[in-house]
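Structure, as structure tokens:
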Amino acid sequence: MRSSAIRLTCPICDESVSVKPIARVAVDDDTQLASDLAHGRVNSVTCRMCGHVGVFAEPLIVVGSSVVAGYVPVDVPANRKAGIAQRLQKDAKTATGAGQRIAVCFGPRQLRKEFPHLPWPRRLPLRWHRFDDPGTPEHRRRSYERLRESRPDDPILHLRLGTTYHELRRYRDARRILHVALRSDPTNADALFALASVELDDRHAGEAVRLYDQVVSLTHDALPRYLAGVAAFRDKQYRAAIERLEIVVREKPDHIDGYIWLARAKLALDDRAGAIAALRMAAENGLKNPDMIMRHRDFEVLTSDGAFKSVIAAIRKQHDMAKRKAERSDRRVGDRGERGRPRETRPRRRR
Ligand SMILES: [Zn+2]
């Protein structure tokens, strides 16, 4: 059984936290530990920097007078379950005396079934909050705000807090906090990118273009350049949008969304031939779903155009070919296994 200390990293503030996991709880010998178990406080970890709390989600052996249970946290990754079950069985056997039976419990509610006499809280959650899970945006916001008192100038903290305010759609707060991150490091590309995304979502598309362009000049990445194109389109700067999107698709020829926005910008300038050429490029570079174009209201004006029809036909053909290919490989899988399938839907075997 494990008893040595384990180092964890706080998902909120990156602080290193040490925990000495408990591997075995004898609920009838120790009422305090039994109460802790029922309230999810066994192997509970608190970060001393930001106050983030969660359980170190490892299996436990819970020993009662008539039952020895292996407790497995609900959200243990599937690839670890078999190994854990094996270890639990071995551990449980050595802990089992005469007249005790062995059970395996997933999650707190199954544990309550085996040990109904523990002081369970009235509202028992499906799972206890794991320490390595940063939690909801509101939970993170509170932890980051607490941290700001001790780290008023930390750019990484302010970047994370600003992004969290963005997730909460509190754009004004997000902007204010990201400016703190940029104060100490004005060319922090991550903070500029985050700020640009806030401006785009808060309908300040012109400001978003300026900020994304700044990120491009620092990183030369395709994503900020593409988003600068989208923001320029939203700001009705169609020529600026085309300029940026043309570079995106030249550098990344499989950037399907890039072609579609490019076509929309060209169409906004009444350049039908240019729009259709962009859509044809999308088709030639892997666009297989005709709905991506057909569902767009912008492209409705093109439906009677012969060149547009030929592009759609080409996409449909690719779509059907891809579908047939997928069906063929499905059939091969069906030949090997899946005996449970009803006979009439089972494909005929080739011998
Ligand atoms: Zn922390």
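Using 0.36 nm per residue, how much length does the chain from Glu167 to Ala23 gain when fully extended, once their Cα-Cα distance is taken away?
Full extension of this stretch gives 48.1 nm more.
The trypsin sites (Lys or Arg not before Pro) of segment 269-326 that meet both conditions, a loop assignment by DSSP and at most 10 other Cβ atoms within 10 Å of the site Cβ, are Arg295. Under a model in which nothing but the beta-carbon of Lys, Arg (+1) and Asp, Glu (-1) is charged, the chain shows a dipole of about 2060 debye around its Cα centre. Using the Cβ-Cβ distance between Arg234 and Glu145 with R0 set to 30 Å, the FRET efficiency works out to roughly 0.45. Restricting attention to the chain, the count of lysine pairs at 8 or more positions apart or across chains with alpha carbons under 28 Å apart stands at 29.
Note down the net charge around Ser66, summing +1 for each Lys or Arg and -1 for each Asp or Glu among other residues with Cβ under 11 Å from its Cβ. Show your work: numbers first, answer last.
On the way: positive: Arg101; negative: Asp28, Glu114.
Residues close to Ser66 contribute a combined charge of -1.
Taking the Cα centre of segment 27-110 as the origin, how large is its charge dipole in debye, to the nearest 20, when only Lys and Arg (+1) and Asp and Glu (-1) carry charge on their Cβ atoms? Don't jump to the answer; show the numbers that get you there.
Numbers: 9 positive and 7 negative charges, 68 e Å.
Roughly 320 debye for segment 27-110.
With everything on Cα atoms, drop me the angle between helix 306-336 and the longest principal axis of the chain, reported from 0 to 90° to the nearest 10. So the helix axis and the longest Cα principal axis differ by about 30 degrees. Simple rule: put +1 on each Lys or Arg Cβ and -1 on each Asp or Glu Cβ in the chain, find the dipole, and look at Ala283, Ala265, Ala191; the Cα lying farthest toward the positive end is Ala283. Sequence-distant contacts, meaning Cα pairs under 8 Å at least 6 residues apart, place the relative contact order of segment 6-114 at 22 percent. Here the contact order of the chain, divided by its residue count and restricted to Cα pairs under 8 Å and six or more residues apart, works out to 8 percent.
Cβ-to-Cβ counts within 10 Å put Val198, Val104 in ascending order as Val104, Val198, the fewest first. In the chain, the calculated helix contribution to ellipticity at 222 nm averages -17000 deg cm²/dmol per residue, counting -39,500 (n - 2.57) for every DSSP H run with n ≥ 4.
Applying the Karplus parametrisation 6.51 cos²θ - 1.76 cosθ + 1.60 with θ = phi - 60° to the phi angles of segment 197-207, what ³J(HN,Hα) value in whole Hz is obtained for each residue in order, glycine and proline being reported as x? Computed from phi, the couplings for segment 197-207 are 5, 5, 5, 4, 6, 8, 6, 10, 5, x, 5 Hz. The reciprocal of the average 1/r between distinct C-alpha atoms defines the Kirkwood hydrodynamic radius, which for segment 214-325 equals 14.3 Å.
Rounded to the nearest whole Hz, the Karplus-based 3J(HN,Hα) values (6.51 cos²θ - 1.76 cosθ + 1.60, θ = phi - 60°) of segment 278-289 follow the sequence 5, 5, 5, 4, 4, 5, 5, 9, x, 5, 10, 9, with x at glycine and proline. Per-residue 3J(HN,Hα) values for segment 169-177, derived from phi via the Karplus relation 6.51 cos²θ - 1.76 cosθ + 1.60 with θ = phi - 60°, read 6, 9, 5, 5, 5, 4, 4, 4, 6 Hz in sequence order (x marks Gly and Pro). Where the centroid of each part is defined by its Cα atoms, how far is segment 19-78 from segment 175-253 in Å? So the two Cα centres are separated by 47 Å. Under the simplified labelling scheme, the Met294-Asp221 pair shows an inter-label distance of 3.6 nm, with each label point 7 Å from Cα along Cα→Cβ.
Rounded, prolate or oblate for the chain? Axes are the square roots of the Cα gyration tensor eigenvalues, ordered a ≥ b ≥ c, and the cut-off for rounded is a/c under 1.5. Oblate is the answer for the chain, as a/c is 1.5 or above yet b/c matches or exceeds a/b.
What length, rounded to one decimal in nm, is gained on full extension from Lys309 through to Glu251, with 0.36 nm per residue of separation minus their alpha-carbon distance? Let's see the in-between values first.
Working: separation 58, 0.36 × 58 = 20.88 nm, distance 2.75 nm.
Contour length minus the Cα-Cα distance gives 18.1 nm.
Taking 25 Å as R0, compute the FRET efficiency from the Cβ-Cβ separation of Gln86 and Ala5 and round it to 0.05. It comes to 0.50. By the count of neighbouring beta-carbon atoms within 10 Å, fewest first, Met49, Met294 end up ordered Met294, Met49. Based on the Stokes-Einstein relation at 20 °C and a viscosity of 1.002 mPa s, and on the Kirkwood radius from alpha carbon pairs, segment 6-114 is assigned a translational diffusion coefficient of 145 µm²/s.
Based on alpha carbons, the Rg and Dmax found for segment 95-234 are 23.1, 76 Å.
Bear in mind these aren't lab numbers, they're just calculated from the coordinates by the rules spelled out. Fair warning: this is a prediction, and the values are worked out from it, not measured in the lab. Ideal geometry is used to build each Cβ from the backbone, glycine not excepted, and the neighbour counts take in all protein chains shown.
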